[in-house]
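Asks: Below you'll find the structure I mean.
Every number in this text was worked out from the coordinates using simple rules, so none of it is lab data. Quick caveat, the model's predicted, so the values are computed rather than measured. Glycine also receives a Cβ, built like all others from the backbone with ideal geometry; neighbour counts cover every protein chain displayed.
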There are 4 protein chains.
Amino acid sequence: MNRVKVGIVGLGRLGRQHAENLAFRIPNCELSAVCSVILEEVEEVQKEWNIPYAYTNYDEMLKNKELDAIFIASPSGFHCEQIEKALNAGFHVFSEKPLGLYLEEALHVQEVVNMHKDQVFMLGFMRRYDKSYAYAKKKIEEGKIGEPFLIRCYGLDPAKAINGFMQFAKNNYSGGLFLDMAIHDLDLARWFLNAEAKQVWAIGGAYAYPDFSKLNDAETGAAMVKFEDNKMGIFVAGRNSAHGYHIETEIIGTKGTLRIGMVPEKNMVTVFDETGAVKECSDGFLERFEQAYLSEVEEFISCIRDNRKPNVTVEDGVLSTALGYACKESFETGELIMVQSPYHKLTNK
Amino acid sequence: MNRVKVGIVGLGRLGRQHAENLAFRIPNCELSAVCSVILEEVEEVQKEWNIPYAYTNYDEMLKNKELDAIFIASPSGFHCEQIEKALNAGFHVFSEKPLGLYLEEALHVQEVVNMHKDQVFMLGFMRRYDKSYAYAKKKIEEGKIGEPFLIRCYGLDPAKAINGFMQFAKNNYSGGLFLDMAIHDLDLARWFLNAEAKQVWAIGGAYAYPDFSKLNDAETGAAMVKFEDNKMGIFVAGRNSAHGYHIETEIIGTKGTLRIGMVPEKNMVTVFDETGAVKECSDGFLERFEQAYLSEVEEFISCIRDNRKPNVTVEDGVLSTALGYACKESFETGELIMVQSPYHKLTNK
Amino acid sequence: MNRVKVGIVGLGRLGRQHAENLAFRIPNCELSAVCSVILEEVEEVQKEWNIPYAYTNYDEMLKNKELDAIFIASPSGFHCEQIEKALNAGFHVFSEKPLGLYLEEALHVQEVVNMHKDQVFMLGFMRRYDKSYAYAKKKIEEGKIGEPFLIRCYGLDPAKAINGFMQFAKNNYSGGLFLDMAIHDLDLARWFLNAEAKQVWAIGGAYAYPDFSKLNDAETGAAMVKFEDNKMGIFVAGRNSAHGYHIETEIIGTKGTLRIGMVPEKNMVTVFDETGAVKECSDGFLERFEQAYLSEVEEFISCIRDNRKPNVTVEDGVLSTALGYACKESFETGELIMVQSPYHKLTNK
Amino acid sequence: MNRVKVGIVGLGRLGRQHAENLAFRIPNCELSAVCSVILEEVEEVQKEWNIPYAYTNYDEMLKNKELDAIFIASPSGFHCEQIEKALNAGFHVFSEKPLGLYLEEALHVQEVVNMHKDQVFMLGFMRRYDKSYAYAKKKIEEGKIGEPFLIRCYGLDPAKAINGFMQFAKNNYSGGLFLDMAIHDLDLARWFLNAEAKQVWAIGGAYAYPDFSKLNDAETGAAMVKFEDNKMGIFVAGRNSAHGYHIETEIIGTKGTLRIGMVPEKNMVTVFDETGAVKECSDGFLERFEQAYLSEVEEFISCIRDNRKPNVTVEDGVLSTALGYACKESFETGELIMVQSPYHKLTNK
């Protein structure tokens, strides 16, 4: 098979990074088209990287029959509709997380994905492709820590990004802390524990920025989840991490424990000065997950060429979203919430 | 004032360590009497360390008017009665934790303590006197991390001690995981957050040792606590830590975070071998808290000599016990539990 | 400018990795030709990656006028001759380290490079392009540690590679421990200290593998170097590192210290098991410097396109080689050796 | 045997700490006499701790026949004379390091010690009694790292103490960096490698404080030592460590490596703030070696009571001093120096 020709929609910060990777750093891949509603972005990228096609209209891009795959990096609210259109137009599809902002649309997308079984669909749960996370998964599968029964996940955005987020959140529906920030961790928990959630209690508050309360959201929050077989999940998500972007995951098993990112170190330098021995910390997701953002797309292209399915499924997107909504509901009501199967709900309607 | 003369009751593993410290390593202190129901223990210690008085009957020891203070290191079930008797006999009293196995007796002891305001009473929450914990407290008081709003506490006993514990637990009421293991952490949480608990949900199970389920106890458990002002507490307690005795505490504040014992390292040696770079871990509480066990008693003796009160109060014992019982109730019922003031309950009776 | 078309010579372990990177992961670059004396290697790579041209004769490849640049990853003994030929044929040249096995040929190459000032020449001192090393350099330039005055460099190959090395060394002239292993560190020292070496004393021996003595080489060795302005360099190189590939660099300045790779950790996972808290370590240079091997070549291609010179110069190659030879001489004679300028020597001839 | 009665001479910073330990924290020991030429010091300590005897004249203290042992914590220049007098007066003797400022007097003390074989003599190389160092020694004896062949020792005093030291050094002969600071490390090297030094080269300079050059001393220096069997020693000593008191020791063996104090952490707290993840560092020797200062004296008292000899011998003091002098000579002359046996020298006279 020849190089996979990809068209990308969305050229924001992360979208642009994906576009650059697709253009230059992914084996057997060609960035053939770029699309954004912002004309200047499209023109700039097309010119700088010499991209054959450029669009400001997504539907127009889907008419381009030279393309093999569509890469969706647009704002979250557009994901579901764009996934559906691209699949129906016959393309392989990669979509950034989340699958959708609402559970219903996520469920609908799942149906659409399942109707196009010959096309590759992949969701951007990139952490599974991070070398450290992949290594941890391998260790667990090899039995290194026995049976995993507790996972603790920290997903903390750097404090210096908080003003930008507040601005965004006042104008847009982000889904709130648990759906927006914790969604990666909810996916990781299901993946590492190999179990689904049964019950959740979520708490939190606004400690330094009272505006979060006005948005009915938490600045920092914690959720405890009871999974099948009494397995336990502890999730801390936040927007105000003084030392930087702190993504840490711990899996405790009957024979050992793994910690990933115990200190969210920026690199391998330790600075010794009058402060002490200092490990500087990650600035944000582009720095921390640079390699994972490449590897997940390498896997996507490789799946298309080899005609196989990626490890992340649309169901992972649906079930993580369902759990995220249960966290959100618990946080908003203060109650202990049963996590019902989204498929059950679907049937009931 | 001259040296403080102390009589100790209980010469088990921890009791004997305390006795040795009282005899040799605490300034201005003299171990004048030892007491245990096991005659051989008493005789051995008396002879080896040349202790003036030895008893197998606690009440007899309380008649010794040369003594200034009684140090209680007997099994938990005796604490309340022995504290009361010693206070009524006019002695200063140090008691190992817990204050009592039942909330009612703890409340009663509080009344007794309050009736003897001229005598020093101190509870063995030694972690507050560990250098690292004390340092963390100081940092917080200096505003280093802003306002603390989340605490995460791990209290994990080494796996190699599990058979011994199972044997003990089958024959004795230990209070269960949350009262027995987590009690130190519940005290620390109240101390660091400077807030009382409002609600708790606790989960857990038996993952490697099904016998815990028969005892209606958890091998490893987790509790999430909502404190006043939406502050959050996360507690993980367990009996099966593969790598050793893992006591870790994290306090997240609006401006920074402190972690104490992130890696429960045995000492300052790192071993590099075919395994990798290895930090060996603490064996157990006597190794990890060797210094704290000395410092708390130094403080007790110093309080007696200076006629002042220690930082740990009887109320700390009562409130931690109340929270421990709420965790236990939540674990047993699966419900979200309101943590009611124990004083409120008392009044209602 | 269009994509830079590259021909690579040498398809061994590192050569093949470079080839794959040139083919797929370097922006604005195209791998147009591959060359190796081993026919099967050439055929396999050409077919697998669909490379236009393939050669078993280096001189033939140099006749291909479609190429812009030659990438030399052949055995060290060929570097000088191949660099000279490629430059004379008008190509930009990237050569893996070392510049040459002998100081005289390195000096000769420098003359050749200087005669082709319009062509880019770059030497594979990739560590300068490793994110952590680059970060350390930036910190120093910003004055973070004041004036650097001591550097300590560890370059230790994993024990599990020792048999392979012994086999190689019995049949080939490797240059010995200080020229072969320590050469990267000697370059780093000059780069970080911004000073040239004046005197060196080197010691070492064969501790587990007596065969090193027969080869007149050291299994592990140490060199102490006095640089200009009394700056100090400490170098430990070895072939028998139990825990893996250990590359560590420390720079001490008047106001602080930087350590790079203090623990040569494989990734961000910490394993807690009965051994303790374990950081697994790097397997070898391809794992540790994966990113640096990409970034240096990105820089090479970028220099060609932008018509500018890379930070690593041919002089860096010459001076590091001269220092390596001084270490070797000291180790062999046991004497304290003056490091004479290689240019001085040249003039004297 | 009853409690060992000790008289201490020297009540400076370290002396006073020793005195307090002897008085209160050492089992089976009694501080019966204190001596200092400064009357106020003596009076203050006597009164505060209720010490039976106090002297301003050392010879007077030696006449007190109630004493069993003399503890010497006076300035270095007095050690030899005071050791000799105390031994001749029949006392057991503990002396702080160094044995003497000059090799000749150290050799003389050795003769005196050897003439009093029934008395315990111990030198304050307390690091051997630090838990981490003792643990490392045990690991080596168990064969954990195979045969040790390289030791690297850092002994760096905190920058904040530098002005105090400069003041002292301008008025007193300290012995210089290698004899004063590195002496502990020279002892450790001999202990861990189980080999004696053959050759040394030492370099160094004044980088931030030019006054060191005027004193003919180094602000920071490095020495490389060739030991018997080609074993290697690397020593870095300094007075200007920005982050604090940095004592680090690494022992590399044929099967593994041990590092002690890789990060000279103050305690088990990690601070996460805008700087990153910070381990604060040790302030100085009293903080870092608090436990070792107790344990060495416990061992001294225990040796007296059990009628046995401590692990540190007078010969360790002599041989470390001889090596320190060789470092000093190399630093001053710039030459590679043969380390001659001090006993050989003695014979030659």
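Asks: Using only Cα atoms, tell me the angle between helix D:162-171 and the longest principal axis of chain D; keep it within 0 to 90° and round to the nearest 10.
Replies: 70
Asks: Then there's this: Which of rounded, prolate or oblate describes the stretch A:169-219 when judged by the alpha-carbon gyration tensor and an a/c cut-off of 1.5? Can you show the working numbers first?
Replies: Working: a/c = 3.02, a/b = 2.09, b/c = 1.45.
Here the stretch A:169-219 falls in the prolate category.
Asks: Provide the net charge surrounding residue C:258, with neighbours chosen by a C-beta distance below 9 Å and charges set as Lys +1, Arg +1, Asp -1, Glu -1. Let's see the in-between values first.
Replies: Details: positive: C:139, C:144, C:259; negative: C:250.
Once positives and negatives cancel, what remains is +2.
Asks: Also, quick follow-up: Collect residues whose amide H, placed 1.01 Å from N in the peptide plane, falls under 5 Å from the amide H of residue A:253; neighbours closer than 5 in sequence don't count.
Replies: Amide H neighbours of residue A:253, under 5 Å, 5+ apart: A:149, A:258.
Asks: With θ taken as phi - 60° and the coefficients 6.51, -1.76 and 1.60, list the Karplus ³J(HN,Hα) couplings across the stretch D:58-68 in order, rounded to whole Hz; mark glycine and proline as x.
Replies: Values per residue, Gly and Pro as x: 4, 4, 5, 4, 5, 7, 6, 7, 6, 6, 9 Hz.
Asks: Still on this structure, I have one more. Shielding by partners for A:246-257, please: the mean number of other protein chain Cβ atoms within 10 Å of each residue's Cβ. Walk me through the numbers before you get to the answer.
Replies: On the way: counts 4, 1, 1, 2, 4, 0, 12, 6, 8, 6, 10, 10.
That works out to 5 on average.
Asks: Okay, moving on. Sort shortest first the distances from residue C:88 to its counterpart in every other copy, using label points 7 Å along the Cα-to-beta-carbon line, and give them in nm.
Replies: In nanometres, ordered from closest: 6.8, 8.4, 10.8.
Asks: Shortest first and in nm with one decimal, please list how far the residue D:286 label point sits from its counterparts in the other copies (point 7 Å along Cα→Cβ).
Replies: In ascending order, 3.1, 5.1, 5.7 nm.
Asks: Same structure again: Taking R0 as 22 Å, what's the FRET efficiency between residue A:20 and residue A:50 from their Cβ-Cβ distance, rounded to 0.05?
Replies: The calculated FRET efficiency here is 0.95.
Asks: Express as a percent, rounded to the nearest 5, the fraction of DSSP beta bridges in the stretch A:87-225 (both residues included) that run antiparallel.
Replies: Taking every DSSP beta bridge with both residues in the stretch A:87-225, the antiparallel ones total about 65 percent.
Asks: How high is the relative contact order of chain A? Use alpha-carbon pairs under 8 Å, at least six apart in sequence, and give a whole percent.
Replies: 19
Asks: Once Rh is set to the Kirkwood radius over Cα pairs, what Stokes-Einstein translational diffusion coefficient, in µm²/s, holds for the stretch B:228-349 at a temperature of 4 °C and a viscosity of 1.567 mPa s? Write down the numbers at each step before the final one.
Replies: Details: Rh = 18.6 Å.
D = 70 µm²/s.
Asks: Would you pull out the residues with amide H under 5 Å of residue A:218's amide H, same chain only if 5 or more places away, H placed 1.01 Å from N?
Replies: Answer set, sorted by chain and number: A:177.
Asks: Something else: Specify whether the C-alpha gyration tensor of chain D places it in the rounded, prolate or oblate class, a ≥ b ≥ c being the square roots of the eigenvalues: rounded for a/c under 1.5, otherwise prolate if a/b is larger than b/c and oblate if not.
Replies: The shape class here is rounded.
Asks: Moving to a separate point now. How about residue A:85: which aspartates and glutamates have a C-alpha closer than 18 Å to its C-alpha, ignoring those fewer than 8 places off in the same chain?
Replies: Result set, ordered by chain and number: A:59, A:60, A:66, A:68, A:96, A:104, A:105, A:111, A:118.
Asks: Please build a GNM for chain A, connecting alpha carbons under 10 Å apart, and tell me which residue among A:48, A:315, A:265 fluctuates the most.
Replies: Comparing A:48, A:315, A:265 in the GNM, the peak value goes to A:48.
Asks: Now, a different point. Given the options D:272, D:121, D:91, which has the most mean-square fluctuation in a GNM of chain D, springs set between C-alpha atoms less than 10 angstrom apart?
Replies: In the Gaussian network model the winner is D:272.
Asks: Separate question: State the number of lysine pairs found in the stretch B:129-213 whose Cα atoms come within less than 27 Å, restricting to pairs 8 or more positions apart or on distinct chains.
Replies: 8
Asks: Can you list, shortest first in nanometers, how far residue B:40 lies from the same residue in the other copies, with each label 7 Å from Cα toward Cβ?
Replies: 5.8, 7.3, 8.8
Asks: Let me confirm one metric for peptide A:200-208, namely the mean number of other chain beta-carbon atoms within 10 Å of its residues' beta-carbons.
Replies: Mean partner-chain Cβ count within 10 Å for A:200-208: 6.
Asks: Now for a separate question. Over all alpha-carbon pairs of the stretch C:279-349, lay out the pair-distance distribution in 10 Å bins, whole %, shortest bin first.
Replies: Reading the bins upward from 0: 16, 26, 27, 26, 5, 0.
Asks: Which of the three applies to the stretch D:211-283, rounded, prolate or oblate, going by the alpha-carbon gyration tensor with a ≥ b ≥ c and a/c under 1.5 meaning rounded?
Replies: Cα axes put the stretch D:211-283 in the oblate bin.
Asks: At a Cα cut-off below 19 Å, give the aspartates and glutamates reachable from residue C:47, other chains included and same-chain residues fewer than 8 away excluded.
Replies: A:306, C:20, C:30
Asks: Helix-derived [θ] at 222 nm for chain D: sum -39500 (n - 2.57) over DSSP H runs of at least 4, divide by residue count, nearest 500?
Replies: -11500 deg cm²/dmol
Asks: If you find the alpha carbon centre of the stretch A:255-283 and of the stretch B:159-205, how far apart are they in angstrom?
Replies: After rounding, the separation between the Cα centres reads 31 Å.
Asks: Report, as an integer, the average count of C-beta atoms from other chains found within 10 Å of each Cβ along C:222-234.
Replies: 5
Asks: Oh, and also: If I fit a long axis through the Cα atoms of helix D:183-193 and take the longest principal axis of the Cα atoms of chain D, what angle between them do I get, 0 to 90°, rounded to 10?
Replies: Between the helix axis and the principal axis of chain D, the angle is about 70 degrees.
Asks: What percent antiparallel are the DSSP beta bridges of chain D, to the nearest 5?
Replies: Values: 33 of 61 bridges.
Given both bridge residues lie in chain D, the antiparallel proportion sits at roughly 55 percent.
Asks: Over the Cα atoms of the stretch B:114-255, what is the Rg over Rh ratio if Rh follows Kirkwood?
Replies: When Rh is taken as the Kirkwood radius, the ratio is 1.01.
Asks: How many angstrom separate the Cα center of the stretch A:1-35 from the Cα center of the stretch B:284-311?
Replies: Going from one Cα centre to the other spans 64 Å.
Asks: Axis carrying B onto D: which residue of B has the nearest Cβ, and how far, whole Å?
Replies: Nearest residue, distance rounded to whole Å: B:25, 3.
Asks: If you don't mind, another one. Per residue of the stretch A:216-227, what does 6.51 cos²θ - 1.76 cosθ + 1.60 with θ = phi - 60° give for ³J(HN,Hα)? Whole Hz please, x for Gly and Pro, Karplus curve as stated.
Replies: 6, 10, 9, 6, 9, x, 9, 10, 10, 10, 9, 9
Asks: Non-local amide H neighbours of residue D:245 (under 5 Å, H modeled in plane, Pro and chain starts lacking H): which ones?
Replies: Those qualifying (amide H under 5 Å, at least 5 residues apart or on another chain) are D:282, D:283, D:284.
Asks: Which Rg and Dmax, in Å, describe the Cα atoms of the protein assembly as shown?
Replies: Radius of gyration, then largest Cα-Cα span, for the protein assembly as shown: 34.9, 107 Å.
Asks: Quick one: Kirkwood hydrodynamic radius for the stretch B:1-125, alpha-carbon pairs, angstrom, one decimal?
Replies: On the way: mean 1/r = 0.0697 Å⁻¹.
After inverting the pairwise mean of 1/r, the radius is 14.3 Å.
Asks: Now, a different point. Given labels modelled 7 Å from the Cα in the Cβ direction, how far is it in nm from residue A:163 to residue D:147?
Replies: 6.5
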